1. Identify, please: which residue in segment 196-214 is part of a helix (DSSP H, G or I) and in contact with a helix residue (DSSP H, G or I) (Cβ under 7 Å, 6 or more places away or on another chain) and is, among those, surrounded by the fewest Cβ atoms within 10 Å (Cβ to Cβ)?
2. Restricting to segment 203-220, give me the number of residues that are at negative phi and touching a residue at least 60 places away in the same chain (Cβ under 8 Å).
3. All but one of (1) under 27 Å from Ala274 (Cβ atoms); (2) modelled with pLDDT under 90 hold for Asn135; which doesn't?
4. Yes or no: segment 175-190 includes at least one residue that is under 26 Å from the mean Cα position of the chain (by Cα), at pLDDT 90 or above and in a helix (DSSP H, G or I).
5. Look through segment 159-174, keep the residues that are part of a helix (DSSP H, G or I) and among the aromatic types (Phe, Trp, Tyr), and return whichever of them is farthest from Leu215 (Cα to Cα).
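The values are calculated or read from the model by the stated rules, or taken from the named source; none is laboratory data. On a predicted model such as this, the values are computed, not experimentally measured, just so you know. Cβ placement follows ideal geometry from the backbone for every residue including glycine, while neighbour counts extend to all protein chains displayed.
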Amino acid sequence: MKRTYYDIEEESIDSLNSSMDCIVTQVSKRLRIDNDRSFTSDSTDSPNVTCYNESHSSKTCDCLMINFATGKPQESKPWLSQCCDPLYEYHVFLRNKEEQDYHRKMGSILPRLTNQYITRHRATCSEWLLQLAENMNACSGTVHMSCQLMDRFLSKCPQFPRLQYQLLAATCFWVSCKREESDHVSAQLNISNLITYCYDQFKKEHFIYMEELLLNTLEWKLSEVSPVQFLHLYSSSICEADRERVVACAQLMVDYQLQNMTALGDFLPSLIAASALHTALVCLGLPQLSEELFFNTTWYKLPQMAQCSRILYDYYHESTRDEGQH
């Protein structure tokens, strides 16, 4: 029996919920808290911790709220400065997932991609996908997921015809929209629109066949972590008045990864996002976050981001200079 997108979504949600449950259990054991009861602060047993009554029956967001009254985050295991909330668990989940994806990428994906695809065709496809996303009002995260699906597919099918790359890119975008976008955006994207965007080079049957081939080749494993997810998570540390333009500037740098795989391919998505956010503040001439706050938010120190930040900084000034000339 064929699996549907709903089956995949349920499996992904179950996996996320399971990860969250494990995290909460570990935190509870660390603080010697019995999760089956309600607690209030106890200055005798736990002078540095205040635990609030909180329902723990729901798997998704009802996590223990732990307020650290004193103490700074440790370098080996950084904590958010104020509390352990659902964003913290989500951050832990993404960091664990990106480690798995990174080892898979470096071990079995990049070595199998042709040099011509990495240096030329991927940039062309990603640029076309960014234009497609702009026309469809789709988010940048959809494009990042599309490129990741392309990389994985071509690492398993390196002999895939080069003339069919646009069909593959459009199909990856179609699949990514079904997973990442809202129902409103997804409804705008249908096969007829895709055929139009591909200049009528392909027919409906081509897209249906390509989608089935893509999903079966990837074994229906569509969960991917991209810098965009970390960027949205880290941007909460920016003051609201500047957040929109800082994120827009950082997003431009993050999208650079799609068009230059050789320059940023060795960096983790979280490091790219953190470096882009820091570099955006520098380029826009805005006040920098304190090193402690930045570390508490991203778990990276400035020296760790130096190399990636330099690459992004040079790219930003080069791109803005080119725009000024036009």
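1. Looking only at segment 196-214, we keep the residues that are part of a helix (DSSP H, G or I), and these are 196-197, 204-214.
With the extra rule that they be in contact with a helix residue (DSSP H, G or I) (Cβ under 7 Å, 6 or more places away or on another chain), the set shrinks to 197, 204, 206-207, 210-211, 214.
Working: Tyr197: 17, Lys204: 12, His206: 18, Phe207: 19, Met210: 20, Glu211: 17, Leu214: 21.
In this case the residue turns out to be Lys204.
2. Qualifying residue count, segment 203-220: 3.
3. Every condition holds for Asn135 apart from (1).
4. yes
5. The residue in question is Tyr165.
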